[in-house]
Every structure is written in structure tokens, then in C-alpha cells.
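First up is the structure itself, then whatever we jot down about it.
Bear in mind that the values in this text are calculations on the coordinates, not laboratory data. Just so it is clear, the model here is predicted, and its values are computed rather than measured. Reconstructed Cβ throughout: ideal geometry from the backbone, glycine too, with neighbour counts over all protein chains shown.
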């Protein structure tokens, strides 16, 4: 400790005058900058811009002639007009292969996911036709594959079933699904148009990981029905693990059908093996991608030959061959069903959005291009609005299919167009082939698809990095698995918010010491070699000081002082004369915060300790001056750095820098 | 700009190796401290302690024998046992005078506030007897004066009237009042026992100022009824300014009673003059304090003599002489009224709490003693629970009476005991005297009391300091005045929360430059003399990086880089090679934040810019190491200060320090 020997010599009480900082021989001390009067309108415009237009969407429009602005505006709404101009045959080859691959993957998934949403198989296929087409014209992600996804299908199925029973009220049920899809689209488009896209950032990554994992398990559990061949009416309607386990192993286990189990198990094994192959050798990514379609073909052929359906193996049955019948007249535009659909639509729309935006961002950062979140939301919203009028239910970006799309070498959203055309042809000409497809195979396909949503690695990483994040993750996970999708979602949102509130209520504080041989002051908890300056207590407050934490901050600083004084008294060392508050991390302050500082100053005066501030930022300085705080404590008590403040408070100590 | 001449010479691309920082002649560069493994349990305990026990309530109990602990525990619940031991006759003199003064002020106010709550006059007096007595034993503030207050009376009156009409259903109405009072007490005590006192900090100072101001105007408007002599049944039930004005000047203006108006106006003038005298000369504080009682006595005498009540001057009438009849049996403990009372109780309890805690803190900081917020809540809760069983409605600390108490020289809570005994004697022996008291005088007293709640100075200061705070303040104010008390309250809470959320969604960022003649780097917006380092962009992020802002932060940093690069290109200056992120204000990071940094690193790699971090705090460093981030960007890319980072990135520039 280089300053040990100075400790007792500089303890005479000294008051700070401005001439102190002008002493000859003293190191150069730069004046703290007194801010000019703040311009309210400018400040307000800045806040508005950073909140809603942080991505600077009008940048390319600047200084352009009107006609060019019009073209740019059109391109902004339909990005296809921009990238379409440089589209070529080479890109198309990539898109064609990728489109065919994801089509082969999506057809069996669509049929399966329709069942999760308690809908007939054709609705899944419909949702893989219209929405991807519209997205291709309006979306800005090049890699996302659009269509129905497992989690949203489950969520929609659960929420709508709370209102109407799909078995007894199929038409009402369907109408509410379209209504919810319509409002999901409205929600998404509205968020985009009003540039409120940042709202989805409030669902934390950890909560999403937990929710997805829980939803995956719930979906897999639901598949036990098809997997074991248990008829729907004998299976529980609840989705929590306990009800499902009771249902499976309870009084209905005599419904188990061995032929079904054999088919399901063997194809699940096949799918998992292909999945493993694709994981081991990235070049063979197409193996797991086409495996589901192969399974469907093989199992359908097998059932058709063996007439296994007569032995209790349930089959998909006849699929409606019409192409996307109009459904605008089915949407509820009045009455209490409007409200129900609206509520369900908001929830489903938000979750679908979260998934699509996460996918868009992930792949954009892998290929280093920008996805405009708000524009993306308008695209997703439009496709769901149009979808709801053409017999589709909520579509969004699918994790698994987007990854396949990426690996198959897609270049643009044209791969989505290819996929949607393949789906169209399938609906028109190939649906009769699916009549004998066993439901069990769909269960196997869904199980093998959703287990990819359980992201162990991410969970382990979350545990390592942030325990509170892990609590949010597990809360959402267990909520979904043991209770229901809605409860899990609610837990995820509540914990995410609680975390934000905790942060702003209880900011961290630290005692600083001088790092030897430098003039740098750092947390003595982090740098044990840092030494305290005798007679001076340096406290850093690690947060903006707002009404929510101003009282705590004040009391915490006083507590540090009390503890330090008790400490010094026990060691018979000289008492604290200066309290320096390092303000660098204090990014903002409000009226309550300034009140707290005034009270702190008053309390310190009573204890004969002088309050000194180091490095307040511009915003904070503005407000301190507006409130007349510098005059209260003395303008020469505010310094540019902690080093300067210590120099002036306790000049002898500072010499060994 | 001292480093201008170096600008072009140091632009060769250089990679950072650890030997760079060991160069001879280079200034001393202190190693960033790699944190030891974090102890989860310790971390968790720390968070728990700072959240719930930040005031260290068990500190005095440490290392004490058991018997002493018991005494300390008892004293913690009943502070009177502690301060009572040093109580003496000198203190009692102060308390006696103060107690008599606030009693003279509270008796007319109590009668008036009962009317605000749509209750008979005795209930206000009851509420000034039992609650202050209990508070005196359990509370820790020495200056607060307990009893019914205007805002809570109005709030309770409005909320309960939404359920039952006090004119047609008086007994149901009264029962719901007691139920609400009971649950207000339960709410307050629960918050205290579970140490959730920090929840009231979520109502910002600005919002409270606006709400109080609005409530004051609403209350004053309500008094126009009594002031003009308009019978209750002809007056609007709405509290917003437009309805009241319509009611006053509309079809009922022929109800105006000139005798009433003369009495009310003259006494209001008298009260305002005394108030002015008290403000001008602090020694005459007792003049406005006893003026209300004098007005009551004079006006009562006048009415009694002149029989003005026969000319339409409405009078208080006979007051029940019983002392606080038990009311436990009147509280609803079941049915839907339980739920109604519960909801109203929570709202009224929270508002009462906010007022009491604000008063407690204000006076404690003026006399420099500590008020324990959580203990205070238990005291307030207990007094309201007991109050609800003895015919009292919600009592709390009164701003005006507490100020009088303080100025009259109160020493301890004994002044509350004196006041409550005076009120008891009044109820027992003096109520017949109030029979001829004109209601108009009560209106005058209330008007002159509540105008003190409109805190212009605070509003002006809020406008000066923080515009967003002012919006919250005005929102609450206008909400109360133009709509209703509940709406104003709702606006206040919503804006307060929105402010917190905005803060964590859109953190500020700044570009740093070097302050001449120092090695200090500061915001070039704040310090225009600071110079940028060629080839290096230094960005400071002013907030913890969480899921709610991680994406924005990443994109904002990239936008700074793009803008700077465009700038440099236009000036044909060398391009940016290093991006230094100053992490001092980044007090925490979560998994989403680390993801964002990984994406930032990837984007920068694509642009051939190196990412360098300066001064990450301990918590952040822990998490970065747990996530393996230092290995990703290179461990030698993390520095203790921006200066060190610049030294290593661009050594020539740094020489002139």
C-alpha cells in the first residue's frame, strides 16, 4: 500500500475552495463542463426518435427527388422490388432446391400441426400456401420458412378450445380460429406500423427458451395419443404432464394398440437416426429433411397394403381437395366472440412474432444482413390477415424449416414461393394419397421435430451466466409442463418484468479504491489490490437514480458511511471527511433522485462530512444545475474524475500517482 | 487538438497481442482482474438482503444476549418503550402545546372530512381518537399527526359510493367503509411485515405531486356545495370539474343561498388572512392553526343567535355522543362485498401509506433521525385494523397538521396522545355545541386546508428538471380534475411504470473523445473540446444490458459506426479499425445481452473492425467469462480503462498524455 505512510499526516480538516484546484505543482485538473441550456424540443425529438425510429428508417430517403422517394417507398413496403432486380438463375437454383426440401418437410408437419390446433389436416396445408406467398413479397428475411408451427398451433388449439369444443362445435371453433388469426395479424401489423416492435423485446431470451422447451414437452406428450393409438375421446383434454400421464397409464391403457405402437416406434427410430446423421455430417442435412416425407410414403403404403386400419390403426382419412376456400364471412366482427378472438389473437400473434423475429435476426446475423423488425411485423401481420380470409390459421417462421432452408442454400424468399406452389399442387392432386397415412406416423414426425426446441445448451449457458434468468427460464418451462401453456407464458412475462423492476429498485453500489501506480479508481471488491484513500470514502452508484430507487440509494450510501466509520473507529483510524460519489454510471436522475441527494447532503452536513461528486454525465449535470444543486453543495465540489476529486480533497495522497 | 498531426501516421493495421501491452516505455497498464468463481448462494443471499433488508434491521441484535434480544425485539415493535425511558417533563411541555394545537385544528377538519367521505361527523372524530393512540405506541416518526385526511376521505368516499349510495343505503355504505378500512390496514401491515415497503417507491414523486394537486382542486370543487348552500340532492355526484361547474352554474343556481355565501366567504377570507400571517411570520404559526376552531365557534354562535338555519343555512345537526362504538360485526368477512372492500382497501391503504411515509421521511430528514419504513407500515396498518373495529375509517398522517405539530415544538408521538384525549373529551362533552355549526364554515375550512396541497413550486421545479416527470405530474393532475380520482391515480401509476420501462428499453449511448492534457475520455457531446482518436471509435453504453435493450444497444453501436464511417469517407480520412466499448456504466448483463455482444462481434468481424472492451464491472466480467466471451474476442481485448485500450490500439496517439 504505497500511501500507507501518508495516512495520518493529512487529516487536518480543510475546506475546498476553488483556489485549491489552481495550486501550482498540482496536476492539471480539467474543469467540469457546465452544460448550456437544454433545448426541450430537441431533447423531446431525440427521445422520440430513439424510441420509435432507432433504426433510422428514413435515412435512404434523405436528399432524394420525389420520384425516387416514391420508388424507395414502394421498395420499403415490397422488398421484392429491390432484390428482385438483381435476381438471376444462379440464385433461383439455390432457391428451388431449398424450396423443394422445405416443402417435403412441411407437408407432413402441416398435417400434424393441424391436429395440434384441433383442425382438419387441410387447414395446415392451406396455411403453408397463402402466407408464404405474401411474405415473399413483403418480408425482409431471406432465410425464414413460413407456415404453421408447433408451439403456435398448440397455443391456439388450447386457447380456442377453452371457448368452444372442437368435437361438438366444429364450425364455431373454426370461426373463432379464423377470428383469432385475423386479430393476430392485426396485432402484428399494428405493432409494426406504430413502430412498437420493441415491445416484443420485453419477453426475455431466457423466458422464451424455457417456454419453448416446455411447449415442446407438452406437444410431445400430446402425441402419445397418436403414438399409442388411444382414441381422442378417451384421452384427457388437459395438457399438463400429470393429467397426460394419468390418462396414458391410467384406466385407458387397454386402448393401447400394438400395431400402432410398432409403426410409430420404428419410424420414430428411423427419424431420430436420420436426425443424428444430419447433425454429425452437415452435408447430409437433406437426409433428416426428407425423412418425414419418406416415412409418410412408406407407412401409408404399408397400411394400404396390410389394411392395418381395420386393426385399429387410425388413419388421416379423406382430405378436402378444395384450395383455400374464402373465409372472410366466418370471421366474427361483432358480439362477444369478437372479443374472445381478439384476446386469443393478441397472445398468439405476439408469440408468433417473437418466434419469427428471433429466427429472422439469427439468420440475418449469420449472413450479415439487416432485418428491419418493424417492417417484418407488417409483413407477418399482412400475411396473417390475408390468411384469415383464405382459411389459414396463424402462420409464422418455423425454426426447424428455416434451418433446413438455410442449409439447403436458399438465396431469397423465392424458396418460400417454391414451397407454397408445391403445397398447392399437393392439395390439388396428392391429398387422396394421404388418406391411408397412419396418424401414428404424424405423431412420430412431430415428436422428432419438437425435441429440437428443447435447447439444453442454452439452458446450461443461462444457468452459468445468470441465475435469475435461469429462474425465469425454469418458471416458464415448469409452468407449461405442469400447468398449461397460458400459465407458463404468464410466468415468463411476469418474471421478465419483475427482473426489470428489481434492477431499477435496487441498484448496485460499490466502494472504490485506487489501483496502485495509476490514477484509476475501481471497486475494491473486484480489485483487492486497490487501496482506500484515508479520510475519503468513494462510493459508486451503478444506475440511473429515479423515484424507484432514490431512497434506497441515499440510504445505501449512508449505510456504507456508517459501516466505514464503525470500522475506522475500531481501528482508531482518522474519520471520514469527504464522501465522493462517482457518478459515471448514473446515466439519468429525476426530481426524486435530486431530492434524495439534497437529503444526503443534509445528513452529511450533520455528520460533518463533505459531499463531492465526480463525473456526472451531461443529462445529470443539466438537471443538477436546473435544481440549483451545485450552489447547494458548492460548485467546486463537482469534478471530472474521481482522481481530480481526491487530489483536491486530499492532495498528499495523490502524489504517488 | 494536440493529436492532429498523428492522425495519418498510425493507420497501419495492427493486431493486438498481449506483448503489446508489455512494451517497454509504454505507460503502466494494469491488468483487468479476472474474477474468482462466483458463489451462487452468497450472491443470492446478497440480492435477498439488499431487496428486503436493505436497512439492516437486525444490526442492533448482533452479538447480544438472549434477554437483551427480547427487550430489543419488544422495543422494535413498540418504539415507545425505547424513547419513553428518556422522556421528561421538558419534552412533555413541547408535546402538550403541540397536541393542543393540532387538536384545535383537527376537530373542525375531522367533521368536514367526514362529509367528504359521505359519513356522519362523528366518524371523523372517532378516527382522530383510536388511530393516533395506537400509532403513538408503535410508530417511529416523532412529528407526524395522525387522523383522517382530505385526499383519502375523498378517495374512500368516491370508491365506496360506486358500490352503495350513502343516501339510500347508509348502513351498507358504512359497513363497506369499515371493510375497506380493515383491508387498508391489512394491506399496510402486510407490506411492512413482508418488507415490501419499497413497492410504494414505484409511485413517483412527480406523480404524487400531480395527484395531490388534482385531488385538492376536486375537493375544493366539492365544497362549492356547502359554500353556496346547494342541497346535496341537487348537486352532481360526479367529481370532475366540468360536471361540477355545470351543476353549480346550471339549473340549480337558484338554490344558491345568500346567507350561506356571506358566512362562507367572510370566514374563508379570515382563514386565508391568518394563513398568510402564519406564512409571513413563522413564529405566528399558531394563528392559522387555531383560526378554524375560532371560525367554528364564532359562526356557530352567530347562527345560534340569528336562527340563520331557518333561512336555509344548513347546519351540522346533532352528533352521536357515544365514544367509538365497536364495529367488528359490521365488517364484511364473506360474500362479494368482502371482495369490493378488499379492492377499495388496497387502493386507499396504498395512498394513505404514500402520504404517511412521505411525511415521516420529510420531517425525519429535517430533524436528522431515521424512520424505518417497514416498521412504520406495520404501525399504520395496525392502527387502521384496530380503527376499523372501533368505528374509524382510514386514518393516516396529515400534511398540514404534521407541519403545525412540528412548528408547535412537538418532541415525540405523545403530542398525538394529547390530541386524541382532547378529541375524546370533545366527543363526550362538546358535541352538542356543534349542532348549530353551519356546514358552510366547514367548506371554508376544507378549502383553505387543501389549497396547501397544490404545490406550485414543486411543479415548476419538476418542469425545470425533467420534462417526462412533468408529463406524469400533469397526467395525474388533469386525470383527477377532469375525470376522477381513480383515473388520475391510474394515469400516475401507468406513466411512472412507462418511464421505468422506457429507461431500460432505450439506454443512452455516447461517443467519447480524449480531454486534452489528460488521459480521460468523455462524451464529446458534453465536452466539445474532447478529440476523437483517429482509427478508433469509442462508444459508451449508459445502462445495464438486458433482454429489453440488448438488440437496441447492438444496433445503436453499429449505427454509430456506420455514421462515423460515412463521415470519415466524406472527409477522405482513414477508416475505423477499433471499436472500444466503454463498459463502466454497464452495471449488469444477461444472456440476451451477451448474445447481442456476440452478434456485434460477428458483424464487426465482417467489417474488419476489432471489438475492444474497457472497464467491465465485476458482475459483467463474471458473466462474460462464464459465457466464454473473452476467448471469443481475445482476452487481451479487455482493458481496465479506455486510456489503456487506446494506448494499446493506437500507441502513437497516446504519447501526448
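Points worth noting:
- Computed from the C-beta positions of residue A:281 and residue B:632, the FRET efficiency with R₀ = 30 Å rounds to 0.70.
- For segment A:476-599, a Kirkwood hydrodynamic radius built from all Cα pairs, placed in the Stokes-Einstein relation at 4 °C and 1.567 mPa s, yields a translational diffusion coefficient of 77 µm²/s.
- C-alpha long axis of helix B:373-388 to longest principal axis of chain B, angle in °: 30 degrees
- Likely footprinting exposure, A:310, B:142, fewest C-beta neighbours within 10 Å first: A:310, B:142
- Geometric descriptor of segment B:239-284, per residue, is 95 Å³ (volume of the convex hull of the Cα atoms).
- From the largest down, segment B:161-230 spans 47, 33, 15 angstrom on the principal axes of its Cα atoms.
- Taking N as its residue count, the alpha carbon Rg of segment B:344-498 over 2.2 N^0.38 Å: 1.22
- Here the calculated FRET efficiency for residue A:58 and residue A:366, from their Cβ-Cβ distance with R0 = 35 Å, stands at 0.80, rounded to the nearest 0.05.
- By average C-beta atoms within 10 angstrom, highest first, the peptides A:117-127, B:114-124: A:117-127, B:114-124
- The coefficient of translational diffusion for segment A:181-282, derived via Stokes-Einstein from the alpha carbon Kirkwood radius under 37 °C and 0.692 mPa s, stands at 192 µm²/s.
- Out of every Cα-Cα pair that segment A:89-501 contains, those further apart than 29 angstrom amount to 41 percent.
- For peptide A:496-505, the mean count of partner chain Cβ atoms within 10 Å of a residue's Cβ comes to 6.
- Convex hull per residue volume in Å³, alpha carbons only, for segment A:411-490: 176 Å³
- Averaged over A:509-522, number of beta-carbon atoms from partner chains that fall within 10 Å: 3
- Computed over segment B:311-394, the quotient of the alpha carbon radius of gyration and 2.2 N^0.38 Å is 1.48.
- Calculated on C-alpha atoms, the gyration radius of segment A:75-130 divided by its Kirkwood radius gives an Rg/Rh of 1.16.
- Counting Cβ atoms of other protein chains within 10 Å of each residue's Cβ and taking the mean over peptide A:577-585 gives 2.
- Packing-based ranking of B:195-205, A:95-105 yields A:95-105, B:195-205, ordered from highest to lowest mean Cβ neighbour count within 10 Å.
- The orientation-averaged projected area of the convex hull spanned by the Cα atoms of segment B:41-80 comes to 3.6 nm².
- The listed peptides B:480-492, B:406-418, ordered by packing as a protection proxy, come out as B:406-418, B:480-492 (highest mean of other Cβ atoms within 10 Å first).
- Pairs of alpha carbons in the protein assembly as shown whose separation is greater than 40 Å (percent): 59 percent
- Between helix A:258-280 and chain A there is an angle of about 50 degrees, using the helix long axis and the longest principal axis of the Cα atoms.
- A Förster radius of 45 Å, combined with the Cβ-Cβ distance separating residue B:430 from residue B:88, puts the computed FRET efficiency at roughly 0.90.
- With Cα atoms defining each centre, segment B:584-657 and segment B:544-582 are spaced 14 Å apart in the structure.
- Coordinate range along principal axes, alpha carbons of segment A:95-190, Å, largest first: 43, 32, 19
- Taking every DSSP bridge with both residues inside the protein assembly as shown, close to 45 percent are antiparallel.
- Relative to the longest principal axis of the Cα atoms of chain A, the long axis of helix A:170-193 lies at roughly 40 degrees.
- Spatial offset of segment A:325-354 relative to segment B:426-501 amounts to 42 Å, using the alpha carbon center of each.
- Each residue, residue B:304 and residue A:311, gets one label point 7 Å from its Cα in the Cβ direction; the gap between the two is 10.6 nm.
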